[in-house]
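Asker: Got a structure here, written out as structure tokens. Questions coming.
The values are calculated or read from the model by the stated rules, or taken from the named source; none is laboratory data. These numbers come from a predicted model, not from an experiment. Ideal geometry is used to build each Cβ from the backbone, glycine not excepted, and the neighbour counts take in all protein chains shown. All accessible areas refer to the heavy atoms of the entire protein, side chains included, with ligands and DNA or RNA removed. Shrake-Rupley method; radii C 1.70, N 1.55, O 1.52, S 1.80 Å.
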Amino acid sequence: MNRILLLMATILMLFPTSCARTGGEDNGPELILRYADNQPEYYPTTKAARYFASMVEERTNGRISIEVYGDGQLGGEVSVLEQLLIGGIDFSRFSLGTLAETMPEMAILEMPYLYNDSEHMWRVLDGEVGKDFLSVAEKYGAVGMCWFDAGARSFYTRNPVNSPKDIAGKRIRVQESELMSTLIELLGAKSIQIPYSDVYSALQLLKIDGAENNMPSYYYTGHYLVSPYFYMDEHFRLPEIMLMSSAAKGKIESVDPEFLAIIKECAMEASIYERKIWKETEEEVMKALSQTDVVITKPSEEDIEAIRTMMAPIYSSLNKEERAILEEIRSI
Ligand code: GCU
């Protein structure tokens, strides 16, 4: 018996880390995963990523750690998506504008004036339709984890825009998406696809006359400094999605098969948290912008209707299945 105890003690002395590592917490994580976001540290989605990472660490007793890289440190959205689909990056948050180029089934969620308001969008995303769209990612090598709020997108320009006619003829930056280009060109504008990180300099160097995005992005990127006219037509309400690579799923399961469900739960909680801080951020940003030279124009009902009508032909490109989903979304 004593000889067995002696042998066990010797093994423990010889292999301290490998034995201890299965114990978790005090001995460092067994698995380190990387999460990418192209927004700055204090932006709602990046804050939500950190919240998610801390919950994962806590609920896996420190056995899984997620390192968050904000500010586009791991690359622009298009390149991060490519890396995630081959397992080079484990988690990221994507705008549907870019994602639907690779996962065209998502394109219907990019239709202009699709929802009546934010509440309508969340009723859709929190229900069966939202779940079905999260599962689309599986076909492409990823797992749809949860939805994030990204408000509504409007135009902002270097020169005043007071009606839809003023958008016609302007060079407007769009996301790297053919659908986005088509939609903007329906208004008579010239679309220019530019990565998010290059929009500021494109505005400054007069390569474009304007762009379109939600208000927090407009503010945090400093775009308002070089394009002070914000035309609040809210043409798209694009939700954002957190994806996990299929490779990360396998790695998590090999640490502990129960961790996958726990991590999915953390993502759902991060989504609730992000929605709350999104609303607060929108209010703070509105206040901050009111203390600058930015001119915010709210179009009249007639002008919104005119934009809606000009963009409407895009709906005729939907196939039968997409039309059925559209009807469902409208009825929710
Ligand atoms: C939003 C979104 C970004 C995206 C950007 C864009 O700000 O949160 O992820 O890259 O739009 O217009 O490219």
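Asker: Quick one: how many residues across segment 189-214 are part of a helix (DSSP H, G or I), open to solvent by 10 Å² or more (accessible area, probe 1.4 Å), in contact (Cβ under 8 Å) with a residue 12 or more places away in the chain and more than 10 Å from the ligand (Cβ to nearest atom)?
Answerer: Going through segment 189-214 one residue at a time, the tally reaches 2.
Asker: For segment 287-327, how many residues meet the condition of being within 21 Å of H120 (Cβ to Cβ) and in contact with a helix residue (DSSP H, G or I) (Cβ under 8 Å, 6 or more places away or on another chain)?
Answerer: So the answer is 9.
Asker: Would you mind telling me which numbered condition in (1) among the small types (G, A, S); (2) part of a helix (DSSP H, G or I); (3) out of contact with any strand residue (DSSP E or B) (no Cβ under 6 Å at 6 or more places or on another chain) G72 fails?
Answerer: Only one criterion in (1) among the small types (G, A, S); (2) part of a helix (DSSP H, G or I); (3) out of contact with any strand residue (DSSP E or B) (no Cβ under 6 Å at 6 or more places or on another chain) is unmet by G72, namely (2).
Asker: Can you find even one residue in segment 232-245 that is touching a residue at least 24 places away in the same chain (Cβ under 8 Å), among the basic types (K, R) and in contact with a Ser or Thr (Cβ under 8 Å, 6 or more places away or on another chain)?
Answerer: yes
Asker: All but one of (1) under 25 Å from P29 (Cβ atoms); (2) exposed (fewer than 14 other Cβ atoms within 10 Å of the Cβ); (3) of a type in the set (A, V, I, L, M) hold for A312; state the number of the condition that does not hold.
Answerer: For A312, the failing item is (1).
Asker: Kindly indicate whether S65 is of a type outside the set (A, V, I, L, M), under 23 Å from F148 (Cα atoms), modelled with pLDDT of 95 or more and assigned to a helix (DSSP H, G or I).
Answerer: no
Asker: Being among the hydroxyl-bearing types (S, T, Y), buried (at least 19 other Cβ atoms within 10 Å of the Cβ) and closer than 14 Å to M242 by Cα is the requirement here; does S135 meet it?
Answerer: In short, no.
Asker: Something else about it: Just need a number here: residues in segment 247-271 that are open to solvent by 50 Å² or more (accessible area, probe 1.4 Å) and touching a strand residue (DSSP E or B) at 6+ places or on another chain (Cβ under 7 Å).
Answerer: Qualifying residue count for the region: 4.
Asker: If a residue must be part of a loop (DSSP other than H, G, I, E, B) and either at pLDDT 95 or above or farther than 15 Å from L114 by Cα (or both), how many such residues does segment 302-332 contain?
Answerer: 1
Asker: Need the failing condition index for P299 against (1) part of a strand (DSSP E or B); (2) open to solvent by less than 40 Å² (accessible area, probe 1.4 Å), just the number.
Answerer: Result: P299 passes all but (1).
Asker: Right, another one. Could you tell me whether any residue of segment 165-181 is more than 12 Å from the ligand (Cβ to nearest atom), modelled with pLDDT under 95, farther than 27 Å from Q73 by Cβ and buried (at least 22 other Cβ atoms within 10 Å of the Cβ)?
Answerer: So far as segment 165-181 goes, no, none of its residues is more than 12 Å from the ligand (Cβ to nearest atom), modelled with pLDDT under 95, farther than 27 Å from Q73 by Cβ and buried (at least 22 other Cβ atoms within 10 Å of the Cβ).
Asker: Here's something else I'd like to know. Of the residues in segment 82-99, how many are among the aliphatic types (A, V, I, L, M) and open to solvent by less than 10 Å² (accessible area, probe 1.4 Å)?
Answerer: 4
Asker: Then there's this: Can you confirm whether E274 is crowded, with 16+ Cβ neighbours inside 10 Å, part of a strand (DSSP E or B) and within 16 Å of the ligand (Cβ to nearest atom)?
Answerer: So E274 fails the test.
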